[in-house]
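The values are calculated or read from the model by the stated rules, or taken from the named source; none is laboratory data. Given the structure is predicted, the values throughout are model-derived calculations rather than measurements. Using ideal geometry, Cβ is built from the backbone for each residue, glycine included, and neighbour counts are taken over all protein chains shown. Just so you know, the surface numbers come from the protein's heavy atoms only, side chains and all, with ligands and any DNA or RNA stripped out. Shrake-Rupley method; radii C 1.70, N 1.55, O 1.52, S 1.80 Å.
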Amino acid sequence: MTTKISFQHVNKTFKVKGNAGRSEATEFTALRDINFDVKTGEFMVIVGPSGCGKSTLLDLLGGLTKPTSGSILIDGKPIKGPALDRGIVFQQYALFPWKTARGNIEFGLEAKGIRGKERAERAREFLSLVGLDGFADRYPHELSGGMKQRVAIARSLAYDPDILLMDEPFAALDAQTRETLQSELLKIWEKTKKTIVFITHGIDEAVYLGQRVAVMTSRPGRIKEIIDIPLSARNGEEDLRSDPEFGRLRHEIWSLLRDEVQRAQAYEIQDKAGHAQNASNKNKSGVL
Amino acid sequence: MATAEKSVSLPIGSAQRRSSAIAAPLGIAGKVLKRTIAILALAATWEVVPRAGLVETAFLPPLSEVLQAWWGLLTSGELWTHTEASLIRSLAGFGIAIAAAIPLGLLIGWYKGLSELLTPVLELFRNTAALALLPVFTLILGIGETSKITLIVYACSWPILLNTISGVKNVDPLLIKSAKSMGLSPLKLFIKVILPAAVPTIFTGVRLAGAGSILVLIAAEMVGAKAGLGYLINYAQFNFQAPEMYAGIISISLIGLLFNQGLVTLEKRFTAWKQTQSQ
């Protein structure tokens, strides 16, 4: 298998405004020295605690931001910006509310320059792929969360990108819908042979979906370890989640994540306390 | 409101369904009564209070006399002359304001630099009451149509301009991100995403401007006009024709009501996706 995506010593820092009283901006390292490859056609899952820079990683891949240093290569060439060779699926669907399901799917096709009959045909085909045949003319507000995400997936797949980037796409859905969509996503992946980079904070989801799972550390985000998931029975009917091997892998990732989650929570409390401190400082100066 | 009414008419059991067949016409009658009862009470009070001698009939004649005067003005054609003059002014001002303020608002909302440059001036002007500028417009543009229409343009422009700016600025960043990820150029992004997303907010401004156009119109017509409903009201008051004065006031209320209703209907059509979303 050839390498599709390659992260080479990627760093990303943000300038954040200093606390009240201090005016100088401080630097915040979101990602530090990220190094890993994703193979063509691979299903790669990235799992990490909240605030570890997972979404930043995806923004970089999408070409929406640039790394501070290092480079990201796709097919050996550095990313120049957003393009239709990558499709992003967001947690909050990001459907255009003034367009119907069909209109939303056609939006991406239009951006690609596909017109007329072919566009309508493709939209129908991909609505069918995600199981929404009768819903072409529904507006997003007339669809359930799961259906919206199906439309969003269809929209990204329709313009035929090589890589599908998914940012916690099922996090806002209920457990049943999530499981259904997970298994359908696997079917779609097998059918379309896309390279998928899937971000999640759910360990079960990571083990169930990924061929490999990259575990990230909290602040600054680094790749702690990449774990192979050698489960083969993904397309079978049996309950993969009750497989003892599934449990073992789940526990392995859980152990890797535990310290990181604790650290992330400690950071969060610290941040909140900092904010409260700032607020009270502001109040004091207001009184004076 | 609407959802509450819907849930009332939902048949639950078969027994209730049978009774609802009878109750349906009664329900409609009840709804009509609910909507009109306050108006009817107001009309009755207006009729009774002057007749009972609680107020001077020269200042507040009973409603029936007012309606008679209104009918008289209508049949003589006088009412139409004034209404026509008023409508032309108000629609012209409203139209010019839409044509000027929406493009300007789009520019200011989109270009950050322009927004930073113009915001102080905009803040200053929008907090200056339109009617405070009426003497200025009269001084510069005379007492003819130009100054009146200019005043209406001025008053209508602010709600449209400010709503357009905020509509463009407050588009869901995720939608922009999503469109950008598909490699849309800035111009395409503006036309395909920013503009449609801003339409509901822009329309709110247009509706506010519609109400505002009638409001300042009347004031403008009270200063040096020869026709128009504002003129009619003022003129009738000078000549102690209280019924005609109230007839003019009622006409203005009805026009305002119709104008607003028309704009609301238009708004619903343009923003169907948003309307149903908020229900």
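Things worth noting here:
- Test: residue in segment B:37-46 that is surrounded by 14 or more Cβ atoms within 10 Å (Cβ to Cβ) and not hydrophobic (A, V, I, L, M, F, W, C): no
- Of all residues assigned to segment B:88-95, at least one qualifies as being of a type in the set (Phe, Trp, Tyr) and in contact (Cβ under 8 Å) with a residue 24 or more places away in the chain.
Table: residues versus (1) among the aliphatic types (A, V, I, L, M); (2) closer than 20 Å to B:MET182 by Cβ; (3) surrounded by fewer than 16 Cβ atoms within 10 Å (Cβ to Cβ).
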residue: A:ASP162; (1), (2), (3): no, yes, no
residue: A:ASP167; (1), (2), (3): no, yes, no
residue: A:ALA175; (1), (2), (3): yes, no, yes
residue: A:GLN182; (1), (2), (3): no, no, no
residue: A:ILE188; (1), (2), (3): yes, yes, no
residue: A:ILE196; (1), (2), (3): yes, yes, no
residue: A:HIS201; (1), (2), (3): no, no, no
residue: A:GLY210; (1), (2), (3): no, no, no
residue: A:ALA214; (1), (2), (3): yes, no, no
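- Matching residues in segment A:247-270 - criterion: being of a type in the set (A, V, I, L, M, F, W, C) and under 22 Å from the mean Cα position of the chain (by Cα): A:LEU249, A:ILE253, A:TRP254, A:LEU256, A:LEU257, A:VAL261, A:ALA264
- Here B:TRP158 clears all of (1) within 14 Å of chain A (Cβ to nearest Cβ); (2) within 30 Å of B:ALA227 (Cβ to Cβ) except the condition numbered (1).
- Residues of segment A:52-96 that are within 19 Å of A:PHE135 (Cα to Cα) and either at pLDDT 90 or above or of a type in the set (A, V, I, L, M, F, W, C) (or both): A:ALA94, A:LEU95, A:PHE96.
- Residue match in segment B:249-263 (condition: more than 14 Å from every other protein chain (Cβ to nearest Cβ), outside any helix (DSSP H, G or I) and aromatic (Phe, Trp, Tyr)): no
- Test: A:PHE135 is away from every other protein chain (no Cβ under 14 Å), open to solvent by less than 80 Å² (accessible area, probe 1.4 Å) and at pLDDT 85 or above: yes
- Selection from segment B:177-206 of residues that are closer than 30 Å to B:GLN261 by Cα and within 12 Å of another protein chain (Cβ to nearest Cβ): B:ILE191, B:LYS192, B:VAL193, B:ILE194, B:LEU195, B:PRO196, B:ALA197, B:ALA198, B:VAL199, B:PRO200
- Meets criteria (open to solvent by 80 Å² or more (accessible area, probe 1.4 Å) and modelled with pLDDT of 80 or more) for A:ARG222: yes
- Restricted to helices (runs of 4 or more DSSP H) entirely inside segment B:135-248, those with at least 2 residues that are touching a Pro at 6+ places or on another chain (Cβ under 9 Å) and either open to solvent by less than 40 Å² (accessible area, probe 1.4 Å) or assigned by TED's automatic domain parsing to the domain that holds B:LEU122 (or both) are B:145-169, B:173-181, B:195-221.
- Subset of segment A:34-58 (residues that are surrounded by 15 or more Cβ atoms within 10 Å (Cβ to Cβ) and either among the small types (Gly, Ala, Ser) or assigned to a loop (DSSP other than H, G, I, E, B) (or both)): A:THR40, A:GLY41, A:GLU42, A:GLY48, A:PRO49, A:GLY51, A:CYS52, A:GLY53, A:SER55
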